[in-house]
Each structure stands twice: as structure tokens, then as C-alpha cells.
Amino acid sequence: MLPNDQQDGALSPSPQPGSVAEQETRTDARASVSVSGEEMKFAEHLASHVTPEWRKQYICYGTLKSALCAGEDGQPTEEDPTVLEWQHRSLQEAFFQMCDHELAKVNLFYSEKLAEVQRRLAAAKAEMESAREEQRRKTPGTKTRRFLRAYNKAGKHKTLQDLKLAFSELYLSLTLLQNYQELNYTGFCKIIKKHDKRFASVRGLAWRTDILDVSSFHTSKKIPQLVAEVESQMCELEGGDRERAMKRLRVPPLGAEQPAPAWTLFRVGVTCGLLLALLSLIGLRVLQAPDWSLLGSLLRFYRGGFLLIEFLFLLGVNIYGWKRAGVNHILIFELDPRKHLSHYHVLELAGTLAVCWCTSVLMCLHSPLAPIPLQLNPLIFYAFTLLLLLNPTSTCYPHARRWLLTLLCRVFTAPFHPVAFADFWLADQLNSLSPLFLDLWSLLCFYVFEVNWTDLEALNTPPAERLDCGQYSPGLTCAIQCFPPWLRFAQCLRRFWDSGNTGPHLLNAGKYSTVFIMVTFASLYSVATERPQLAPGVKPYLYLWAVATCISVLVTVSWDLRMDWGLLRGPSLLREETVYAQRAYYYCAMLADVLLRVSWAINIIFAQMRDSDAAIVVTSVLAPLEVIRRCVWNFFRLENEHLNNCGEFRAVRDVSVTPFSPGGHAALECIMDSEDTARDHGRKATRRTLFSITRLR
């Protein structure tokens, strides 16, 4: 078994065949693992160390163990030696047939994955060779040299980074494959040892010596060779700096959950304490001297910030739930397994913003005593939040912030980029945060058009005017509400353009187009209510909005349950395979999705009625409910994606690197033709790989 902490990122060697006593000693050492100082059974050890996407391809240790227990419990009561011997022989035959079947499954999967890694490595090496040939080409003339060098600099840098990323993912694939190799060998040795002990037989030892120890997955020496090649290539990419190369190739700990950093937990605890104290002070202040005009202004000022904090907190809950359930969100979002935020970090960020939010609200409630004018406190809070995201220094999780900013740029520029899972996932989150965009626009209008920056006395009083930009742009509320659905609409069109698959993508685009119709009729109803002289009547628009809302809710709920969650299949309305333990979770989630979708539709029409105090209160209540619905949606959407990855045995990120020259394809074919055992098992080779052969030109 691989150790949790790899020295310099190196892999432990593959198991070597030797004497029976040496192999039994090594097997017992591998199986003797402990969690929190207590010995654990091998079945638990296997369950905690398997690669989740390959779970079905591991040895069915529990099934084999149950077969042994059933054989022991099913012995006849009579003491006829002939009957006992016949019973034992039949049970052993059935047991070894199961072992042969499991061994064939492991051999086949190991050979396929090994061939896949070799193909990927061949593609990467072909790309490096093409890059070397490109560098050795004749340099252009002096007049154009400087221009071409500047022109090619960005593309060359991207190729270098892609190559480093590709080799790091190859190294992770080799680690997972060696982990698969050793876990399965240990499992077979353990179950055979149990067989011989229970039946007082040496047949298991003979099976191990004659079949297991000569099996292809155990005797293969390819992994150490491939590891050495990947390390050598990475060292070359890092300019010969082996320490830096090994740091980039570092494999995250496999298996049992790692403890959270002590300082992170300390900061989360301090943040929770401060948050409770500030919320208590705010509650006491509101109860002592309720100023409803001030509270109404603060509600409009800080509602958007509260939605953002709620979303971050629930995202931390999502990450915690995915990790506990075994949903590999790191792979699904194409995150770097060596650099990503845990739920502790996300909760810390949410807590920090919540403390700032409460402090700003408290300063507004005590504005006569505070050194900062009342109307400037919200501006400072939102400016601090924006600065936290755009911080150019290498503090506050720079890797995660760069990833988020890149993702936001891709989402906002749809449909000009290919759409990955993280792209449309983030766009879906923005759909649930549409009230945040409305509040931010209202704040922008307030500070640009309504604040008198020259009158310091006026800055310390609650705003007399409503935070509403309707007088400057009447249709802007409708446009802002349609902006997040437009992003998803454009992404669906781009996915249809790339895939040519009419079914899901155009239907999904049609689902988001129903939101445009619903928002339009809600806007017309609001205008007819406020300005009856400009519209023929209120009821027609209300009826049209109700019909559009019913259609939109039915379509979106059906799509959520059937397509996004993969449910409504079979008599139980669930899929055959589920991740979460209790079926009640799924039924409660389906009911909650229906109810909260209705509340989301109602919130759209209330958001248009900006002059109504009741509408503002209703919107402030319903908007957080939509964020909660999105949190529930996230659990089951990623579960469905995780199960799809398990069906494809996809355990690492897809990294595509296109070679410079056409020689890469020929080199790749030569290496593929030289394969021995895995060449005959290419039936599943159509699955997605790190380097797609079809892209080698």
C-alpha cells in the first residue's frame, strides 16, 4: 500500500514475487494499517483507500468473505466424513471459481489502464519532441524576429504549462494504478489465507503460487519504468531542477481523511465566536430602539451581501457533504488535486465576510457614534469584498481566486468558449443569485445619482429615496433578471454547436428561454400596476405571467429531477445506484425542489414591484430560499456526474495537448503496436483519456 506521505513525490515500488514467507510478511504489513491508533479490518481499509471511480473494478473482498462464512455456516450437522468432504469440495470449487472471475476482472482492467497511461505518455513525449524540433528550426530574419518572438511567446508558455499539467496528471494516474495493483494483490492474499485457515487446506496457497503470483497485474514491472520516465520528463521541463519537479509531481495523500490544518480550525473557531457576539449586539440594538425606516434602508443595502455570504456558507456545506459521501468534486470541477480549497477554507471565508457584514450593519445602527458616515458603510463593505477577490498579491488563496476569475470570464463571455462542467455549474449558481445583481445595480445607482458627496451631514442620515434605478432605466430590472438565464442559454447553444447533439442541449436552451417569457410578463404586469395609463389592463399580463410561470416551473422541475439528478427512473423513482445512504434524502429533495421552484417564480414578480414595502420584504425572504434550493441541487447534481465518471472509470482530469508536427501520430501508433497484453483489450478504449488520439495531427 502506498504511504500517505510520499518522499519527494516518489512512488513505492511494485510488489515483487519472492518466497511465500516473504510475501505473507509483506502482505500482513500492508494490511496492518491503523486509523487513530486502532487496528482496522482489511475490508474497511480497502473501502477507505479505493479510487472511487474504479470501485467496481476492485476485488469483491466482502463477497468472497461472505462466501467463506456461508461455507462455514452451511456445513451439515451429521458427522459422515464422506458428506463433509463432498460439501467442502463443492464449496471450495465455487469459491475458487469466484476468485478466478475476480482475478480475470482485475487483470483486464489493469491491462487496459496501463495501456491507456502508456498511450498518454507517448502522446506527451511526442509533443515534447515536436516542441524541441520547433526550437531547432531556422530562426527568421532580423526584421521579423522580434515580432514573431513576441507573437509566439504566449502560445509557447501555454504549451509548456499544459505539458507540465499533463505529466503531473500522468503521475497521479500511475499512483492510482499502483495503489490499485497493491490493494488487489493484498486482498487476494488475505482472502486466500482465510480460506486455508477455515478449511485447514493448502489449496489456497497452491492457487496463490500457481495463478495469483504469475498473473499479469502482479508481475507487471511497467509502472516503475513509467514513473522514472515521467520524473525525467518533468525534470527536463523544469530546467533540470529535480526538487521543483518532484514538488509539482507531489501526489496528495490517498485513503483515510486527513486532519484539517490546526490554524485553519483556530481561525474558523474565532470567526464563529465573533459572529455570535456581533449578531447578539445587532439583535439587542434592534430590540432596544427599532427605527423601521433605518431598518428598511439597511435591508436594501445589505440584502445582496447576505445572499453572497449564505451562498459561500452553503457551498462549504456542499463540499463537506460531497467529501463524506465520496463524491469526487475535485475531479468533476477539474481542480488541481494538490491545490484546492477544503470546506474549512470556504467556511472560513464565509465567516470572515459575515463578520465584516455584521460589523458594517452594527456601525450603521450606531451611526451617530461611528467615525464613518452611515451611507459609506455599505460601500466600504462591498469594496472590501471586491478587493478580496481582485487582490493581486499572493495571499488569500491566490490559486483559487485565479481559478474563479478565469471561470467567471469564461461564463460572462459565453458562447465564445467551449463549455465544461464547471462553466455551466457556475452559471447555474448565478441564476440563483439574480437578486444579488439587482441589489448591486440599485446600490450603484444610489451612489452615482442620489448620494450628495459634498454634504457630510446628509451622508450620516438614512437615504430618503428608494434604492431604485427604475427612473433612470425602466426596463433594466427585466434585463438584469434575464442576464443569468441568458448565460446558460448561450452555453447550451455553444454545447449544441460543439457536439451537434440536438436532444439535450437545445431542449435545455428552451428551458431557459421560458424564464425570459416569465420575466417579460412579470415586468409588463409591474408596469401596468404602476402606470395604468400606459397599459390596457393589469389582468391580461397577470394571467399571461401565471401561464408562463406554470410552464416554466413544470419544465425546470422535470429537468432538475430527470436530467440533472438522474432520478424518476423505475418504480421507486430513483436510479439503480445511489451515493447517499438514506432514500428519504432523495424524496425530501424532490419535494423541496418543487416547492422552492414555485417560490423562485413568485420572487420574480415581486422583484419587479420596487415601490412596495411588502414586495421588498417578500423578496428578502424568498431570495435566501432559492440559494438553499441551489445548495440541495448541488448535492444531487454532482452525485449524478460522479456516477457518470464511475461508469467511464474516469479518475483524473482530461488534459489535451496538441502536437506541433504530424510526426506525433506515427510515433504514437508505433508504441501502441508494440503493446503486448493490453493490446487485445481495447474494447473500452473509446472512453475519454488524458490525450485524445484523434487530436494528434
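The values are calculated or read from the model by the stated rules, or taken from the named source; none is laboratory data. Keep in mind that what you see is a predicted model, and the values were worked out from it rather than measured. All Cβ positions, glycine included, derive from the backbone under ideal geometry; neighbour counts span all protein chains shown. Heads up: the accessible areas ignore ligands, DNA and RNA and are worked out on the full protein's heavy atoms, side chains in. Shrake-Rupley method; radii C 1.70, N 1.55, O 1.52, S 1.80 Å.
In the stretch 404-462, which residues are β-branched (V, I, T), closer than 17 Å to R488 by Cα and in contact (Cβ under 8 Å) with a residue 60 or more places away in the chain? Answer for the stretch 404-462, where residues must be β-branched (V, I, T), closer than 17 Å to R488 by Cα and in contact (Cβ under 8 Å) with a residue 60 or more places away in the chain: V411, V419.
Filtered by the rule that a residue be open to solvent by less than 50 Å² (accessible area, probe 1.4 Å) and either modelled with pLDDT under 70 or not hydrophobic (A, V, I, L, M, F, W, C) (or both), the stretch 91-108 gives Q92, E102, K105, N107.
Scanning the stretch 426-455 for residues that are charged (D, E, K, R) and modelled with pLDDT of 90 or more returns a single hit, D428.
Just one of the listed residues (T63, T82, T139) is among the β-branched types (V, I, T), at pLDDT below 90, open to solvent by 40 Å² or more (accessible area, probe 1.4 Å) and in a loop (DSSP other than H, G, I, E, B), namely T139. Being of a type in the set (K, R), assigned to a helix (DSSP H, G or I) and crowded, with 16+ Cβ neighbours inside 10 Å: is that true of R410 here? Yes.
Within the stretch 215-223, identify whether any single residue is farther than 19 Å from Y110 by Cβ and not charged (D, E, K, R), and answer yes or no. For the stretch 215-223, residues farther than 19 Å from Y110 by Cβ and not charged (D, E, K, R): absent.
The listed residues are L561, L591, L554, and the only one of them that is under 21 Å from F635 (Cβ atoms), modelled with pLDDT of 85 or more and either among the charged types (D, E, K, R) or surrounded by fewer than 16 Cβ atoms within 10 Å (Cβ to Cβ) (or both) turns out to be L591.
Inspection of the stretch 216-226 identifies at least one residue that is assigned to a loop (DSSP other than H, G, I, E, B), touching a residue at least 40 places away in the same chain (Cβ under 8 Å) and loosely packed, with under 15 Cβ neighbours inside 10 Å.
Can you confirm whether the stretch 417-430 contains a residue that is part of a helix (DSSP H, G or I), more than 22 Å from G304 (Cα to Cα), open to solvent by less than 30 Å² (accessible area, probe 1.4 Å) and of a type in the set (A, V, I, L, M)? Checked the stretch 417-430: at least one residue is part of a helix (DSSP H, G or I), more than 22 Å from G304 (Cα to Cα), open to solvent by less than 30 Å² (accessible area, probe 1.4 Å) and of a type in the set (A, V, I, L, M).
Out of the residues in the stretch 492-516 that are small (G, A, S) and modelled with pLDDT under 90, state the one that is surrounded by the most Cβ atoms within 10 Å (Cβ to Cβ). Only one residue tops the list, namely S499. Listed by first and then second residue, the pairs linking a residue in the stretch 521-542 that is surrounded by fewer than 19 Cβ atoms within 10 Å (Cβ to Cβ) to a residue that is among the acidic types (D, E) and modelled with pLDDT under 70, with Cβ atoms under 9 Å apart and 6 or more places separating them unless they lie on different chains, are E530/D611. Before we move on, is W545 farther than 30 Å from P418 by Cβ and in contact (Cβ under 8 Å) with a residue 40 or more places away in the chain? For W545, the condition - farther than 30 Å from P418 by Cβ and in contact (Cβ under 8 Å) with a residue 40 or more places away in the chain - is met. Of all the numbered requirements in (1) at pLDDT 85 or above; (2) under 31 Å from the mean Cα position of the chain (by Cα); (3) open to solvent by 60 Å² or more (accessible area, probe 1.4 Å), L574 misses one, and that requirement is (3). For L114, the stated conditions do not hold, so it cannot be described as in a helix (DSSP H, G or I), touching a His at 6+ places or on another chain (Cβ under 7 Å) and either open to solvent by 30 Å² or more (accessible area, probe 1.4 Å) or among the aliphatic types (A, V, I, L, M) (or both).
Testing A131 on (1) modelled with pLDDT under 80; (2) over 33 Å from the mean Cα position of the chain (by Cα), one condition comes back false. Which one is that? For A131, the exception is condition (2).
Residues of the stretch 391-400 that are crowded, with 17+ Cβ neighbours inside 10 Å and within 30 Å of R495 (Cα to Cα): A400 alone. Counting only residues that are open to solvent by less than 30 Å² (accessible area, probe 1.4 Å) and either farther than 18 Å from A458 by Cβ or not in a helix (DSSP H, G or I) (or both), the stretch 374-390 holds 2 of them. Only a single criterion out of (1) under 16 Å from F96 (Cα atoms); (2) crowded, with 23+ Cβ neighbours inside 10 Å is not satisfied by L170, namely (1).
Taken over the stretch 233-265, the residue count meeting the criterion of being among the polar types (S, T, N, Q) and either crowded, with 18+ Cβ neighbours inside 10 Å or modelled with pLDDT of 90 or more (or both) is 1.
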